[in-house]
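Trainee: Below you'll find the structure I mean.
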Amino acid sequence: MSLELKNISLAVEGHPHIYQTNLKLEKATMNVLLGPTLSGKTTLMRIMAGLEKPSSGQIIWNGEDITNRRLQDRDVAMVYQQFINYPTLSVYENIASPLRVMNKNKHEIEISVKNAAELLKIGSYLDRKPTELSGGQQQRCALARALVKGAGLVLLDEPLANLDYKLREELREEIPKIFERSGAIFVYATTEPEEALLLGGNTAALFEGRIRQFGKTSQAYRNPKDIITADVFSNPPMNFLKFSKIYENITFEGGVSLTKIDHLSNLPDGDYVAGFRPNHLDLTRKRADQIKFSVRINVTEITGSETFIHIDYTGKKWIGLVQGVHNLEPAAEISVYLDPAHIYIFLEDGNLEISASYATKVK
Amino acid sequence: MKKTRNQKAWFMVLPVLILVAFSAIIPLMTVVNYSVQDTFGNNNFFWVGLEWFEEILASERVHDALGRQVTFTAIILAIEVPLGIFIALHMPKKSGFWSSLCLVLLALPLLIPWNVVGTIWQIFGRIDIGLLGYTLDKIGINYNYTQNALDAWITIIIMDVWHWTSLVVLLSYAGLRSIPDSYYQAAKIDQASGWAVFRHIELPKMKGVLLIAILLRFMDSFMIYTEPFVVTGGGPGNATTFLSIDLVKMAIGQFDLGPAAAFSLIYFLVILLVSWAFYTVMMSMDKENDI
Amino acid sequence: MAKITLSNLAHSYLNNPNHDDDYALKTLNHEWTDGTAYALLGPSGCGKTTLLNLISGLLTPSKGKILFDGNDVTELKTAARNIAQVFQFPVIYDTMTVRENLSFPLKNRGMKKDYIEKRVIEVADAISLSNILDKKANGLTADIKQKISLGRGLVREDVSAILFDEPLTVIDPHMKWQLRTQIKEIHKNLGHTMIYVTHDQTEALTFADKVIVMFEGEVLQIASAAELFERPEHTFVGYFIGSPGMNILPVTIEEGNAVLGGHNIMLNAKYKKLNGKIELGIRPEFVTLTNDPFALPVTIDRVEDVGHYKIARARFQNHQINIILNECDEIKSATTHVIFDKKKINIYQDDWRVKP
């Protein structure tokens, strides 16, 4: 089983929505489409489902061209952000509905419905109407209906976006388990990097109608190919600053300069952009080779276990995420420290030149 | 929402196309055929070109009917739209028994067949047996829609307002109901006046449905036939002879098929043109909201 | 700006509530200090929106009183309470420009023209809207529209409190950071009393000086983020705050130690004899892996990479224990041992924390 998008593109009334895209999804994989609103996640899913015909290119399913095949004849199930169930049918009938269309016999239906309901923990609500359930249970019902169909391709379009934070956390933990049992190709759209990471599998980072990078989720997170992927894949957003290198000397924008960083010695002289994630900034020096920046505090936000510090470095706005509770007064001048191993180096056109050296050590 | 493109859909609409061809396109072609020919009987037709069109466009009788028609439609719109909005604004906001009752009462006039509406008002206004006419006559108001042109106009306008204002109310009400509560709450917090709430919240949010209501009321009132025909028959004199009544007189009363055909085509084009203009305005407003 | 006092406040949507469960908001007494940022945090249906609507005056409470600076406002309508509110979906006047939107509340209150002009510019500067003042409000993005809604509250200098009803719901993750910190900066600079309703713990904890955790109509704890994290007063608070939430394990207390499935866990303090449902709460952040063979033996089922940290899903007998590991930590074997930081352990009796 595999799904391949070959040179797919879509333009509506001359406006490109999806630029030429190639993507191959293998059997039994979880694939996350990660990107901000309007980056083309939903459109790409609609093309995969057959709700939208691409302007060019082919969709290949198990080696067969299905570009022009009707939605009804495709092996697809879909779950949306809104909780979509048949309001007049019981939960049981809701889950059973795709099986009834397939003319399965009564016994078979009962077994599949009960299994799916157990898996999604709504086994005791089968006689209720969807409107009598909480939001989380309604979405579980919709997920069960998609699963029971046994489709080869399951599309989930921000299925947790309308749920409470804690319910999201629960379902996020369950979805990978459910997926492992089904063996289908899962495609999951989200705007949140944490969600992509928790789901695991592969991630395609989307931005303005283009897939910027596709690969193993943790790999793409730690080895982004360009600035846009790095930024899409960072929450809080990645911090950036420019620097230039002449011989062994590296001078950061704002005046901090260094000589000799081991893994950068092969970098050709020139102007670059350095990027690093907020969690890699430290408030105290942890290693001798850390780079020191003098910054001004804008705001601090405390979550209880961690502190987000919003800082200003020579006019650039950065965010730092540090362990523990730190009450820092606004406008205070402090120093923050950064390990060079955590710096990604991008060319001025946005492409990655050197990945952060720590990334290869994470297993 | 973008629509799915699938060429097979065209086969599905084929039966409808055939039906429309028989019910609309072929009769329309017959009318076109008549409009460019003349006959002296015996089914001998000969080509006259655009002569009938020129005649109709220059005809004083048609000009008069058009003038009456435009006046009538303008009055109808000027009364029904504000009145409809006014009633919709004063309907119960929460769904429940009272709002359902209002909706049913309002829907009633819309459910009555047009010729029945005509008949009701024809009888209602009669001075010998009609409740309205008799009462007015008895309290000393000289009212007679069969003889006085103004009375006839007033009767027909009141009848139309009674019949159709509900449509505007229902559409506006639907528009009002779609406004989230938070807008009203924010307005309260901002201490907005009732007028400001109407002007800056309710009217902008109703704009879409209101345009549809105006379009529907324009088309319907511009083509009005049955009700005035039943009540006044176009009289007294020609006082309430609107375009469609005049057209029927010409076509069936005088059997001037050629001019009547040209007349109906011009009539058709006028309505099409105005509706198209409306549609364009509506679409451009929709786009503005999308951004 | 005002101090808000809730005195014996309770609300039911039923006409004749007689049962405790009939109340969407159970009896509440509290004083909210002037200039503090509060967050109402809880799952949907916990009563947080009810409480917000009582304060804004959209609902009149079934019982009790609300006082602003000592004045009873219980019966006052929304407009008379001098509050401002930012809703879940941005509310703006489409037909007006940004400037007109901001001046609208002042105009309605009959302020002088040159005062309005000056004030609108001040507020627009504070929330960085100055460069789009003359744009139509209609075509702007959701986050800017939310700022306009906020601005309409801020222009009024006499505003008692600003209420937020899940204001970041429709905002993209990256924009959330910006908007949230801007609201926070405004709070720091202008010192309004702010009340922020959300189901998102990160938003609540980072925004507020004090977080009010609610569950099923009841206020479980009012505390700072750090206190909620370290000392949750109720197991629900422990579960709800933190991601993943606190590990809650059934134990017995014997001779100063907690006993979990036959295994002794050292405690930092002595507890007296406890009856009822006894549980031990420990945050995943305070569970560490160890080679010590006498520590609690666990099996690691799965390790999830969350980017800046990892979550190990471990099992002891049939109790799930979540462990937070560093980004670079590695797990060598599926069977290992864990220790709990004894200073960070809380003990619960029938879901409420007991003091040693």
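The values are calculated or read from the model by the stated rules, or taken from the named source; none is laboratory data. Here the structure is a predicted model, which is why all the values come from computation and not from measurement. Virtual Cβ from ideal backbone geometry, glycine too; neighbours counted across all protein chains shown. Note: areas computed on protein heavy atoms with side chains; ligands, DNA, RNA excluded. Shrake-Rupley method; radii C 1.70, N 1.55, O 1.52, S 1.80 Å.
Trainee: Name the strands (runs of 3 or more DSSP E) wholly within segment C:1-57 that hold at least 3 residues that are touching a strand residue (DSSP E or B) at 6+ places or on another chain (Cβ under 6 Å) and within 14 Å of chain A (Cβ to nearest Cβ)? First the steps, then the outcome.
Mentor: Numbers: elements: C:4-11, C:25-32, C:37-41.
Counting at least 3 such residues, we get C:37-41.
Okay, residues lined up against (1) farther than 27 Å from A:GLN219 by Cβ; (2) more than 14 Å from chain C (Cβ to nearest Cβ); (3) assigned to a loop (DSSP other than H, G, I, E, B):
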position: A:SER9; (1), (2), (3): no, yes, no
position: A:PRO36; (1), (2), (3): no, no, yes
position: A:GLN81; (1), (2), (3): yes, no, yes
position: A:ASN94; (1), (2), (3): yes, yes, no
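Trainee: What tally of residues in segment A:163-218 results from selecting those that are open to solvent by less than 10 Å² (accessible area, probe 1.4 Å) and outside any helix (DSSP H, G or I)?
Mentor: Residues meeting the conditions: 13.
Trainee: Within segment C:297-338, how many residues are at positive phi and without any contact (Cβ under 8 Å) to a residue 24 or more places away in the chain?
Mentor: If we filter segment C:297-338 for residues that are at positive phi, which is where we start, we get C:307, C:317.
Then keep just the ones that are without any contact (Cβ under 8 Å) to a residue 24 or more places away in the chain; that gives C:307.
Residues that pass the stated criteria total 1.
Trainee: Related question: Looking at segment C:212-223, which of the residues that are within 10 Å of C:GLY42 (Cβ to Cβ) and within 12 Å of another protein chain (Cβ to nearest Cβ) is surrounded by the fewest Cβ atoms within 10 Å (Cβ to Cβ)? Even if it seems obvious, please write down each step before you answer.
Mentor: So in segment C:212-223, the residues within 10 Å of C:GLY42 (Cβ to Cβ) come out as C:212-220.
Those still in the list that are within 12 Å of another protein chain (Cβ to nearest Cβ) too: C:213, C:215.
Details: C:VAL213: 26, C:PHE215: 20.
Within segment C:212-223, the match that is surrounded by the fewest Cβ atoms within 10 Å (Cβ to Cβ) is C:PHE215.
Trainee: Name the one entry in B:ALA58, B:ALA78, B:ALA74 that is surrounded by fewer than 11 Cβ atoms within 10 Å (Cβ to Cβ), within 27 Å of the chain's Cα centre (by Cα), closer than 30 Å to B:ALA260 by Cα and free of Cβ contacts under 8 Å to residues at least 40 places away in the same chain. Give the derivation first.
Mentor: Details: B:ALA78 fails: closer than 30 Å to B:ALA260 by Cα; B:ALA74 fails: surrounded by fewer than 11 Cβ atoms within 10 Å (Cβ to Cβ).
Exactly one of B:ALA58, B:ALA78, B:ALA74 is surrounded by fewer than 11 Cβ atoms within 10 Å (Cβ to Cβ), within 27 Å of the chain's Cα centre (by Cα), closer than 30 Å to B:ALA260 by Cα and free of Cβ contacts under 8 Å to residues at least 40 places away in the same chain, namely B:ALA58.
Trainee: When you check A:ASP312 against the structure, is it among the acidic types (Asp, Glu) and in a strand (DSSP E or B), yes or no?
Mentor: Working: among the acidic types (Asp, Glu): yes; in a strand (DSSP E or B): yes.
Considered against the rule, which asks whether it is among the acidic types (Asp, Glu) and in a strand (DSSP E or B), A:ASP312 comes out as yes.
Trainee: Looking only at segment B:191-232, which residues are of a type in the set (Gly, Ala, Ser) and without any contact (Cβ under 8 Å) to a residue 12 or more places away in the chain?
Mentor: Here is the first cut: in segment B:191-232, the ones of a type in the set (Gly, Ala, Ser) are B:192-194, B:196, B:208, B:213, B:221.
Answer for segment B:191-232, where residues must be of a type in the set (Gly, Ala, Ser) and without any contact (Cβ under 8 Å) to a residue 12 or more places away in the chain: B:ALA192, B:SER193, B:GLY194, B:ALA196.
Trainee: Would you point out which residue out of B:ILE127, B:ILE189, B:ILE156, B:ILE179 is open to solvent by 30 Å² or more (accessible area, probe 1.4 Å) and either over 25 Å from C:GLY57 (Cβ atoms) or within 14 Å of chain C (Cβ to nearest Cβ) (or both)? Full working, then the answer.
Mentor: Values: B:ILE189 fails: open to solvent by 30 Å² or more (accessible area, probe 1.4 Å); B:ILE156 fails: open to solvent by 30 Å² or more (accessible area, probe 1.4 Å); B:ILE179 fails: open to solvent by 30 Å² or more (accessible area, probe 1.4 Å).
Step by step, each of B:ILE127, B:ILE189, B:ILE156, B:ILE179 is checked, and only B:ILE127 is open to solvent by 30 Å² or more (accessible area, probe 1.4 Å) and either over 25 Å from C:GLY57 (Cβ atoms) or within 14 Å of chain C (Cβ to nearest Cβ) (or both).
Trainee: Has segment C:300-312 got at least one residue that is away from chain A (no Cβ under 13 Å), open to solvent by 20 Å² or more (accessible area, probe 1.4 Å) and either touching a helix residue (DSSP H, G or I) at 6+ places or on another chain (Cβ under 7 Å) or part of a loop (DSSP other than H, G, I, E, B) (or both)?
Mentor: No, segment C:300-312 contains no residue that is away from chain A (no Cβ under 13 Å), open to solvent by 20 Å² or more (accessible area, probe 1.4 Å) and either touching a helix residue (DSSP H, G or I) at 6+ places or on another chain (Cβ under 7 Å) or part of a loop (DSSP other than H, G, I, E, B) (or both).
Trainee: Go through segment A:238-282 and count every residue that is part of a loop (DSSP other than H, G, I, E, B), open to solvent by less than 40 Å² (accessible area, probe 1.4 Å) and in contact with a strand residue (DSSP E or B) (Cβ under 7 Å, 6 or more places away or on another chain).
Mentor: Step one: filter segment A:238-282 for residues part of a loop (DSSP other than H, G, I, E, B), giving A:238, A:247-248, A:253-256, A:260-261, A:265-269, A:277.
Still in the running and open to solvent by less than 40 Å² (accessible area, probe 1.4 Å): A:238, A:256, A:261, A:267, A:277.
Retained after the next criterion (residues that are in contact with a strand residue (DSSP E or B) (Cβ under 7 Å, 6 or more places away or on another chain)): A:238, A:256, A:261, A:267.
Counting residues in segment A:238-282 that are part of a loop (DSSP other than H, G, I, E, B), open to solvent by less than 40 Å² (accessible area, probe 1.4 Å) and in contact with a strand residue (DSSP E or B) (Cβ under 7 Å, 6 or more places away or on another chain) gives 4.
Trainee: Any idea which of (1) away from chain C (no Cβ under 14 Å); (2) open to solvent by 20 Å² or more (accessible area, probe 1.4 Å); (3) part of a loop (DSSP other than H, G, I, E, B); (4) polar (S, T, N, Q) is the one A:GLN72 doesn't satisfy?
Mentor: Checking A:GLN72 against (1) away from chain C (no Cβ under 14 Å); (2) open to solvent by 20 Å² or more (accessible area, probe 1.4 Å); (3) part of a loop (DSSP other than H, G, I, E, B); (4) polar (S, T, N, Q), the one that fails is (3).
Trainee: Taking the options C:ASP292, C:ASP341, name whichever one is open to solvent by 30 Å² or more (accessible area, probe 1.4 Å), touching a residue at least 12 places away in the same chain (Cβ under 8 Å) and within 14 Å of another protein chain (Cβ to nearest Cβ). Walk me through how you get there before you give the answer.
Mentor: On the way: C:ASP292 fails: within 14 Å of another protein chain (Cβ to nearest Cβ).
After applying the criteria, what remains is C:ASP341.
Trainee: Kindly indicate whether C:ALA226 is within 12 Å of chain A (Cβ to nearest Cβ), without any contact (Cβ under 8 Å) to a residue 24 or more places away in the chain and either within 19 Å of A:LYS166 (Cα to Cα) or open to solvent by 10 Å² or more (accessible area, probe 1.4 Å) (or both).
Mentor: Spelling it out, C:ALA226 is indeed within 12 Å of chain A (Cβ to nearest Cβ), without any contact (Cβ under 8 Å) to a residue 24 or more places away in the chain and either within 19 Å of A:LYS166 (Cα to Cα) or open to solvent by 10 Å² or more (accessible area, probe 1.4 Å) (or both).
Trainee: Kindly evaluate C:LEU133 against the criterion of being within 22 Å of B:ARG199 (Cα to Cα), away from chain B (no Cβ under 13 Å) and over 30 Å from the mean Cα position of the chain (by Cα). Walk me through it before giving the result.
Mentor: Working: within 22 Å of B:ARG199 (Cα to Cα): yes; away from chain B (no Cβ under 13 Å): yes; over 30 Å from the mean Cα position of the chain (by Cα): yes.
For C:LEU133, the condition - within 22 Å of B:ARG199 (Cα to Cα), away from chain B (no Cβ under 13 Å) and over 30 Å from the mean Cα position of the chain (by Cα) - is met.
Trainee: Moving on to the next point. Among the residues of segment A:233-246, which ones are within 13 Å of the chain's Cα centre (by Cα) and either at pLDDT 90 or above or more than 14 Å from chain C (Cβ to nearest Cβ) (or both)? Spell out how you get there, then give the answer.
Mentor: At the first step, the residues of segment A:233-246 found to be within 13 Å of the chain's Cα centre (by Cα) are A:233-235.
Across segment A:233-246, the qualifying residues are A:PHE233, A:SER234.
Yes/no per residue for (1) buried (at least 16 other Cβ atoms within 10 Å of the Cβ); (2) in a loop (DSSP other than H, G, I, E, B); (3) touching a residue at least 12 places away in the same chain (Cβ under 8 Å); (4) within 26 Å of the chain's Cα centre (by Cα):
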site	(1), (2), (3), (4)
C:PRO61	yes, yes, yes, yes
C:LEU67	yes, no, yes, yes
C:ALA80	no, no, yes, no
C:PHE104	yes, no, yes, no
C:ARG119	yes, no, yes, no
C:ALA124	yes, no, yes, no
C:ASP143	yes, no, yes, yes
C:LYS147	yes, no, yes, yes
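Trainee: Can you list residue pairs whose Cβ atoms sit under 8 Å apart, with the first residue in segment A:310-334 being within 12 Å of another protein chain (Cβ to nearest Cβ) and the second being in a strand (DSSP E or B) and open to solvent by 60 Å² or more (accessible area, probe 1.4 Å)? Count only pairs 6 or more apart in sequence or on different chains.
Mentor: Filtered contacts from segment A:310-334: A:HIS310/A:LYS317; A:ILE311/A:ARG296; A:ILE311/A:LYS317; A:ASP312/A:ARG296; A:ALA331/A:ARG296.
Trainee: I would also like to ask the following. Among (1) under 23 Å from A:ASN162 (Cα atoms); (2) within 14 Å of chain B (Cβ to nearest Cβ); (3) in a loop (DSSP other than H, G, I, E, B), which single condition is A:THR88 missing?
Mentor: So the condition that A:THR88 fails would be (2).
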